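Remarks on the structure that follows.
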Ligand SMILES: Nc1ncnc2c1ncn2[C@@H]1O[C@H](COP(=O)(O)OP(=O)(O)OP(=O)(O)O)[C@@H](O)[C@H]1O
Ligand SMILES: [Mg+2]
């Protein structure tokens with residue numbers, strides 16, 4: 001199942017359960033670190049930021065043990081900074097990593113800092129994502145598993161076609177973009193991924209979530225049903241023998257394993273607003289809401305998009321896909337008015353095509369297998385490219401040294 005990671009500049013691995021203490025001279029840096037602490041990727045880390053810079057750090061650690069990471073934000077020049085580090089080194093526990101946020105774009109200083117054991121050097125002003133990326137990168141060791149992209153798809157109401165689109169997007173990622181993909185059907189009782197791929201695997205996603213102690217890479221590998229060379233599926237049982245109530249973190253371990261082993265993971269998240277469903281959408285790299293052009297969809301899509309935007313402040317915005325547009329004789333909300341009302345332009349608009357979708361559903365085939373040049377198949381291909389590709393995100397101000405440093409450190413790590 002191991003394969004090349006999707007090349008995507010927005011992917012940042014979640015930071016492990018570490019403690020981080022920052023000592024800042026600039027209030028702006030403290031604000032950035034506090035904002036980073038609320039990001040989904042830093043959720044497991046214990047972060048605190050205080051003012052006072054290196055002097056405060058030295059005073060604090062004279063008596064107390066040092067955390068996993070100390071961040072020093074300082075305007076000190078080279079010699080001054082090196083003498084602070086020498087003083088701090090006396091109290092630093094061996095496993096502690098030090099990250100410096102300085103003010104000088106100076107490669108000689110940077111090299112000197114690395115030579116003294118500093119893990120990384122950023123030039124202020126940094127930004128939230130840059131900071132998270134730096135911390136995350138400290139825990140990606142060479143030879144670590146490739147980092148996959150998780151794309152979570154759900155409907156704004158029942159029956160919008162969210163699952164059909166999720167299954168077709170997974171197909172397109174594997175076939176058109178040649179990316180190893182796993183489709184996970186999270187609608188345990190009613191999921192249709194098995195039906196849509198004309199498969200009835202004996203095992204699937206239920207075996208993973210009902211056996212949290214057994215779950216590891218090899219176990220998940222065995223649960224995957226192969227759909228094509230590059231596409232595998234974690235099918236839902238689609239039976240009502242059990243009840244499917246899950247804790248908020250019930251799918252976390254599975255999502256971590258999939259992210260670490262599969263370049264592209266498509267989650268078919270069933271309708272609903274329970275803790276674990278919200279968590280899957282919030283924690284995904286891309287969240288997609290599929291809506292049809294009616295009033296109930298409009299209200300729900302607006303609420304979902306707003307809730308997700310608020311919970312994913314440093315991520316790409318959640319996406320809107322309009323589906324089943326243009327049912328004959330049925331009054332509907334104009335797509336551009338719909339988009340204006342929810343404040344998001346649709347990433348794809350897919351027409352009502354009962355024949356094509358009907359044949360696909362009844363034959364257990366993907367749309368592109370039936371008619372690759374049909375408009376919905378083309379729209380899904382383009383949507384898949386947008387979802388899997390490198391999204392544009394606002395990165396704020398960056399110093400010229402930062403990309404160089406990042407490249408340099410990565411090269412060293414590999
Ligand atoms: N653009 C379309 N034109 C015609 N039929 C469509 C279109 N999109 C989806 N459908 C059909 O709508 C039905 C419902 O689709 P699907 O099961 O994917 O929806 P869902 O949003 O996942 O539903 P649920 O809320 O039950 O999970 C399916 O029969 C599917 O083939
Ligand atoms: Mg569904």
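Where a number appears in this text, it was derived from the coordinates with a stated rule and is not lab data. A quick note: this is a predicted structure, and the numbers were derived from the prediction, not measured. Using ideal geometry, Cβ is built from the backbone for each residue, glycine included, and neighbour counts are taken over all protein chains shown.
Any idea what the alpha-carbon Rg over 2.2 N^0.38 Å comes to for region 149-388?
My calculation over the Cα atoms of region 149-388 gives 0.95.
Which residues in region 287-331 place their backbone N less than 19 Å from a point set 7 Å from the Cα of residue 43 along the Cα-to-Cβ direction?
Residues 287-289, 304-319 fall inside that zone.
Using alpha carbons only, how many degrees (0 to 90, rounded to 10) separate the axis of helix 401-413 from the longest principal axis of the chain?
80
Per the Kirkwood treatment, what hydrodynamic radius in Å, one decimal, follows for the chain from the mean inverse distance over all distinct Cα pairs?
So the Kirkwood estimate lands at 23.1 Å.
Would you mind checking the tilt of helix 128-137 against the longest principal axis of the Cα atoms of the chain, expressed as 0 to 90 degrees and rounded to 10?
It is inclined by approximately 80 degrees.
Relative to the first principal axis of the alpha-carbon coordinates of the chain, what is the inclination of helix 375-388, with its axis defined by its Cα atoms, in degrees from 0 to 90 and to the nearest 10?
10
Any idea what diffusion coefficient region 219-344 gets from Stokes-Einstein, in µm²/s, Kirkwood Rh on alpha carbon pairs, 4 °C, 1.567 mPa s?
In µm²/s, the coefficient is 77.
How far apart, in nm, are the 7 Å Cα→Cβ label points at residue 327 and residue 386?
My value for the distance between the label points is 2.3 nm.
Multiply the residue gap between residue 370 and residue 249 by 0.36 nm, knock off their C-alpha separation, and tell me the result in nm, one decimal place.
My answer for the length gained is 39.7 nm.
Once the piece of chain linking residue 316 and residue 274 is laid out straight, how much longer is it, given 0.36 nm per residue of separation minus the C-alpha distance between them?
Extra length available between residue 316 and residue 274 comes to 12.9 nm.
Given N residues in region 17-110, what is its alpha carbon radius of gyration divided by 2.2 N^0.38 Å?
1.05
For residue 219, put the label point 7 Å out on the Cα→Cβ axis and report which residues of region 239-275 keep their amide N under 20 Å from it.
So the set is 242-262.
Is region 139-276 rounded, prolate or oblate when judged by the Cα gyration tensor, a ≥ b ≥ c being the square roots of its eigenvalues, rounded requiring a/c under 1.5 and prolate requiring a/b larger than b/c?
Judged from the Cα gyration tensor, region 139-276 comes out rounded (a/c under 1.5).
Applying a 10 Å radius around every beta-carbon, put 278-286, 242-250 in order of their mean neighbour count, most first.
With the highest mean Cβ count within 10 Å placed first, the list reads 278-286, 242-250.
Given a Förster distance of 51 Å, report the FRET efficiency between residue 64 and residue 210 from their Cβ-Cβ distance, rounded to the nearest 0.05.
The value I calculate is 0.75.
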